[in-house]
Amino acid sequence: MASRLAAAENGNLCRHTHQVYISSITFLAAWYVYVNLSDHSVFDTTHRKDWQALGQIIPKGAKVAAPWDATELYVYAAPQARYLNLLDPVFMAVPYPSAYLIQKNIWNGYEPDVPSTVKTHFDCDYIVFPYRRHIQLYGRLSQDPRAKLLYRGHNALFRLMPDMDKKFMVNWKIIPDNGKWPPEEGDINEKEIYYPSRWIQSDRPTKGISTVPAAIPTQDV
């Protein structure tokens with residue numbers, strides 16, 4: 001009898017512990033969402049009109065690239081769209097490290113060919129982000145004829161049109177810092193050359209050499 005009572009008490013204790021664990025996880029998840037939304041001023045009445053305006057512009061079913069720390073906010077403002085990497089960067093960084101690095105370079109402003117890269121690697125036609133946090137990215141897109149600014153408030157929303165680049169140079173080779181200009185054959189390590197992968201996967205020729213700020217166009221325009 002005593003052993004049965006002890007087993008029953010242990011069973012009740014396990015169920016109680018499990019319930020407490022589930023409740024704690026649920027509370028922490030809700031608190032995380034609340035803190036993240038608060039950090040982006042969702043509950044600030046002065047920003048509310050801005051979010052409403054952004055939500056009305058993003059089309060239904062649009063495939064949108066956005067930085068993970070702000071994506072919850074965009075889901076709140078425009079739930080009709082589809083977003084990339086919503087919950088946490090670990091869900092991309094661990095199974096898809098290459099894609100995670102590409103995305104990181106985009107948000108850091110290091111990626112020079114944003115429209116083609118976003119479309120090729122993430123199949124997104126729109127990109128939205130807090131532009132003051134990503135000012136270098138905003139500067140790149142503002143000067144890119146393949147990116148159309150649809151909205152700018154606290155956030156910037158661009159529509160990406162990578163196919164509008166027939167007269168836009170997209171192929172280049174990176175010249176080392178200690179390299180000569182113009183480079184001679186053998187000066188550049190072909191393994192370290194970066195081409196937009198969209199063109200690698202197509203039949204378009206990837207010839208021509210460019211550097212920043214000097215460049216040689218790859219085709220007649």
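The values are calculated or read from the model by the stated rules, or taken from the named source; none is laboratory data. Small disclaimer: the values here were computed from a predicted structure and weren't measured. Here the Cβ positions follow ideal geometry from the backbone for every residue, glycine too, while neighbour counts run over all protein chains shown.
Of LEU84, LEU160, LEU150, all but one fail to be in contact with a helix residue (DSSP H, G or I) (Cβ under 6 Å, 6 or more places away or on another chain), aliphatic (A, V, I, L, M) and at pLDDT below 90; the exception is LEU84.
Exactly one residue out of LEU73, LEU54 is modelled with pLDDT under 90, assigned to a helix (DSSP H, G or I) and buried (at least 19 other Cβ atoms within 10 Å of the Cβ), and it is LEU73.
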